[in-house]
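The values are calculated or read from the model by the stated rules, or taken from the named source; none is laboratory data. Remember, it's a predicted structure, so these values are computed and weren't measured experimentally. Using ideal geometry, Cβ is built from the backbone for each residue, glycine included, and neighbour counts are taken over all protein chains shown. Note: accessible area is taken over every heavy atom of the protein model, side chains too, but ligands, DNA and RNA are not part of it. Shrake-Rupley method; radii C 1.70, N 1.55, O 1.52, S 1.80 Å.
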Amino acid sequence: MSLVIQKGTSLRADAMQRLKKNRAAVLGLYCLGLIVLCCLVLPFTPILKDPNAQSLVDQNLAPGAKYWFGTDNLGRDIFSRVFYGGRISIAVAVLTTLVAATIGVTYGAISGYVGNKVDAVMMRVVDVLYGMPFLIVVILFGRVLEKQTAKWSQWVVDLFTAADATPAKINDVRTAVEPLVMMAPLFIAIGALSWLTISRIVRAQVLSVKKLEFVEAARSLGLSHTKILFRHILPNCVGPIIIYTTLTIPGIMLFEAVLSFLGLGLKPPNSSWGVLIQGGADLMLTNPWSLVFPSVFFSLTLLSLNFIGDGLRDAFDPKSSKD
Amino acid sequence: MFQKLFHRLLQGIVVLIVLFTITFFLCRALPGGPFVSEKALPEHVKALMMERDGYNKPVYEQYFMRLGNLMRGDAGLSTRLSGRPVNDVIAQSFPVSFQLGCISMLLALVVGIPAGVIAAWKKNMSIDFIVMTLAMLGLCLPSFVVGPILAEMVGRRWKLLPAMGWEPTNVITWLLPMVTLGMVYAAYLARLTRSGMLDVLSQDFVRTARAKGVPMHRILIKHCLRGGLVPAAAYLGPAFAGIISGSLVIELVFQIPGLGRHFVKAIETNDVNVIMGIVLLYGGLVVLGNILSDFLILWLNPRARAQS
């Protein structure tokens, strides 16, 4: 008679198992991976034409052999515009989420760890910020930061050029740097205002983790508060942080696209999916392709992110049983 | 109950003052100063306008002056619309925006909540799958994609409904904007209602009721609906805020003469008085929406009432 030893599985392994069984989440993961890969890799290959190259002959073309997704009213290749735009949309979403997650995690962790009156005050602040018309404050904030971009890009240019560089060289650097710096107000403004949910989640987690014995042990060993909080407590909150960060990304992408659609977000030559959709909406009647392709890629990305986020939440949910 | 109401109102006032402070300083920092226009203004006109709006006073005096004026309900004069009172601008265009917001919210409730209840009832059956797929699509098809497509196809190609414009008494002109704006929130509400209902349906008293032979529709409506609606009610506050700012986009797409257009224009031309007026109006509405949503939860959930 043989003895069957069942191996114990960690919480994380269990969750991954559940995630793999969730078909929608897996599909979302593949789909998102493919889109991100295309957006990252294709611009470096000769497959994509210059997204801003105009052509007087090939205007408003339907998809065909030469232009896979057709062209817009200025004869620009929609195929390459979609992937260049996707790169910017994804970059903005990721950077903004990083800003939001950093603020949210730090704020929530401190609030939960210190507790008592500090916690009460910090959470009232979050309550107050929750009651604001977001879009509108973000628009205003972004406008104010725009003024600073000239200063920032000068600063970045100085960083990358030698003191005795020729004007032509400086100009080269400037054209490379400027589009990136122009995006900064957008993600700072959105990020500075979308950390609220994450901070609440992290606070609740920290509150429950800080009562556990190992924290007591760490304290009796004489570790500093910062070390206990950031080395011992926070690593135990990683699950929820990842889940809610994933769930934040689609909201932020939507936000960026709405701003760009209103003409208050990214400015040319930066063209995110939001900018492309706005352009496409204007051409809808004569040239539906210029709306369809950016919209499809944008919606697919949102759909994948939502599926992945939902899947992660279901997988890590302690209520779901081990089966 | 009254204590709770008082507490919430107080918090609402704090929110508005913070919002006022933030907008005040953001407006001061707007690139280009308060009087940018395409034509350069003569110096003496500019000086007079600075005088009129109190820009030559110390900042703290300006702050309290503006706060006082706004509290009295006087939002000052618009610079872009050559001195038209902001109150006028708001009185003229706000009713349209408000109407749009209200009927979209209504649509979201009327579609979203029954859909969620049905999906929870028929859990894991094809109708649940269909409803949830539709809800997911609703979340991922942003209104600025759906709006132009609807306007173009339904409005211009098939000529079924007017593609743009808004008449306060003509229901037909409401339909497309209402559907475009309400859809996303209907989708959210359906998802929240479904999960809320599923939570309640898995509780013991439901099993008891079923064992007693209470028909399913009665269990759903009499026993579960109230508890199952709590997550949806909690979402109403944020949804209200979202619909209010979402109407900016919809108004642009369907060319509706609401506040959204004024706001976008005011931002582009640094029309500070209009910006402040609209921001605080919207802020007040969001605060009200949140208070209403809180009280709805108290009414729905006796346990929350006992705690407060």
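One table, with the values for the structure above:
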| quantity | calculated |
| --- | --- |
| Evaluation of A:Val173 against (1) over 29 Å from A:Met122 (Cβ atoms); (2) in contact (Cβ under 8 Å) with a residue 60 or more places away in the chain (one fails), failing number | (2) |
| Residue match in region A:130-139 (condition: open to solvent by 20 Å² or more (accessible area, probe 1.4 Å), within 13 Å of another protein chain (Cβ to nearest Cβ) and modelled with pLDDT of 85 or more) | no |
| Answer from A:Ser260, A:Ser290, A:Ser304 - the residue that is on the phi < 0 side of the Ramachandran plot, in contact with a Ser or Thr (Cβ under 7 Å, 6 or more places away or on another chain) and buried (at least 20 other Cβ atoms within 10 Å of the Cβ) | A:Ser260 |
| Where a residue in region B:151-175 is among the basic types (Lys, Arg) and its partner, wherever it lies, is in a loop (DSSP other than H, G, I, E, B), with Cβ under 6 Å and at least six apart | B:Arg156/B:Ala163 |
| Only one of B:Pro148, B:Pro114, B:Pro177 that is buried (at least 19 other Cβ atoms within 10 Å of the Cβ), more than 14 Å from chain A (Cβ to nearest Cβ) and assigned to a helix (DSSP H, G or I) | B:Pro177 |
| Any hit, region A:18-34, residues being in a loop (DSSP other than H, G, I, E, B) and open to solvent by 40 Å² or more (accessible area, probe 1.4 Å) | yes |
| Number of the exception - B:Gln3 against (1) within 14 Å of another protein chain (Cβ to nearest Cβ); (2) exposed (fewer than 12 other Cβ atoms within 10 Å of the Cβ) | (1) |
| Complete set of residues in region A:154-175 that are surrounded by 10 or more Cβ atoms within 10 Å (Cβ to Cβ), in a loop (DSSP other than H, G, I, E, B) and more than 31 Å from the chain's Cα centre (by Cα) | A:Ala165, A:Thr166 |
| Residue list for region B:85-99, filter: under 18 Å from the mean Cα position of the chain (by Cα) and touching a residue at least 12 places away in the same chain (Cβ under 8 Å) | B:Ile90, B:Ser93, B:Phe94, B:Pro95, B:Val96, B:Ser97, B:Gln99 |
| Residue within region A:95-110 that is within 28 Å of B:Gly260 (Cα to Cα), away from chain B (no Cβ under 12 Å) and open to solvent by 40 Å² or more (accessible area, probe 1.4 Å) present | no |
| Filtered residues of region B:263-277 (kept if closer than 20 Å to B:Tyr55 by Cα, β-branched (Val, Ile, Thr) and at the interface with chain A (Cβ under 9 Å from one of its Cβ atoms)) | B:Ile267, B:Ile275 |
